[in-house]
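Scroll down for the structure; my scribbles are underneath it.
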Amino acid sequence: MIELPEALVIARQMSQELKGKRIAYGNRGNAAHKFAFSSGSPKEYEEIFKGRRMGEVEGHGSAILASIEPDYVLVFGGGGERILYHQEERALPKKHHLLLHFEDGAYLTVTVQGWGNTLLLPQAEVGVHPHVQKDRITPLDDAFTWGYFHRLFGSVDEDSATSIKYFVISEPGVWGIGNGCLQDILFRAKIHPRRRVVDVAEDERRALYDAIKGTLTQMVALGGRESECDLYGNRGGYVRILDGKTTGKPCPECGTPIEKIQYLGGACYLCPSCQT
Ligand SMILES: [Zn+2]
């Protein structure tokens, strides 16, 4: 799943590789997929893409926003989108849910695993779209200060049973962190994913803030997580502390076996001694 680190890494690569290229033709791919979310008919996509030029590509939270000049934006990210650049036709994946063929012979394909976005939106609609959330501050923005993060806790009522997992990835949420990045963040902050937000002490809130900034910065610097691929199909260099492979293995801090639990629609990995 693409979360903030991959969105930033792939957006940067797309900008470098594709900006200025003219689209000979583009379409909604060669395979139907109910959960590859699009924003128009195949014919509309083809008509919009034809002859346009690629502009800047930016990452915003979990979203990748690629400008299709002058007035459309392609939106990917947040789901299981595999976004790949190809120099030759024979390298194209058999099934894909979006394809751009550039005048210089290169290709971009998007193949959705599970669910994902291949939206093509008029520029004017991007800001308000729920998959983009352009008005939200993302955790590596300068505006994501300790003061800002601390204020998010004010939105939780004193008697609320909301857990810290829900607080970070859903409501109010930190845009760009999903269940994938959350595991190592909570491990570093030493907080159990089920802990009630109202029971998280002031110093732990600060530790969580530092863990968010530190973990995401490191993930981006290393080209994303090892479980995900970049624009060229290369895996990221960030090896997760906690994931399916480390379940049952000793915690790197204390040696207690790492546990896996199912919680809020996804697997959580944790050290039952370090994370309380
Ligand atoms: Zn431990």
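The values are calculated or read from the model by the stated rules, or taken from the named source; none is laboratory data. Because the structure is a prediction, the values reported are computed rather than measured. Cβ placement follows ideal geometry from the backbone for every residue including glycine, while neighbour counts extend to all protein chains displayed. Protein only, heavy atoms only, side chains kept; ligands, DNA and RNA dropped before computing areas. Shrake-Rupley method; radii C 1.70, N 1.55, O 1.52, S 1.80 Å.
Of the residues making up segment 250-258, not a single one is open to solvent by 20 Å² or more (accessible area, probe 1.4 Å), assigned to a strand (DSSP E or B), within 13 Å of the ligand (Cβ to nearest atom) and among the hydroxyl-bearing types (Ser, Thr, Tyr). Checking residue 227 against (1) in contact (Cβ under 8 Å) with a residue 60 or more places away in the chain; (2) touching an Asp or Glu at 6+ places or on another chain (Cβ under 8 Å), which test does it fail? In the conditions (1) in contact (Cβ under 8 Å) with a residue 60 or more places away in the chain; (2) touching an Asp or Glu at 6+ places or on another chain (Cβ under 8 Å), residue 227 misses (1) alone. Every test in (1) touching a residue at least 60 places away in the same chain (Cβ under 8 Å); (2) farther than 18 Å from residue 265 by Cα is passed by residue 152 save one, and that test is (1). Determine if segment 152-165 includes at least one residue that is modelled with pLDDT of 95 or more, under 22 Å from residue 136 (Cα atoms) and buried (at least 22 other Cβ atoms within 10 Å of the Cβ). Among the residues of segment 152-165, at least one is modelled with pLDDT of 95 or more, under 22 Å from residue 136 (Cα atoms) and buried (at least 22 other Cβ atoms within 10 Å of the Cβ), which makes the answer yes. For first residues located in segment 121-132 and open to solvent by 30 Å² or more (accessible area, probe 1.4 Å), partners that are at pLDDT 90 or above and charged (D, E, K, R) and lie 6+ apart or on another chain with Cβ distances below 7 Å form the pairs 122/71; 123/71. In a residue-by-residue description of segment 205-217, the property of being open to solvent by 40 Å² or more (accessible area, probe 1.4 Å), more than 16 Å from the ligand (Cβ to nearest atom) and in a loop (DSSP other than H, G, I, E, B) applies to no position. Among the residues of segment 218-247, not one is touching a Pro at 6+ places or on another chain (Cβ under 6 Å) and open to solvent by 50 Å² or more (accessible area, probe 1.4 Å).
So which of 233, 176, 265 is at pLDDT below 95, part of a loop (DSSP other than H, G, I, E, B) and away from the ligand (no atom under 16 Å from the Cβ)? Break it down stepwise before answering.
On the way: 233 fails: at pLDDT below 95; 176 fails: at pLDDT below 95.
Residue meeting the stated conditions: 265.
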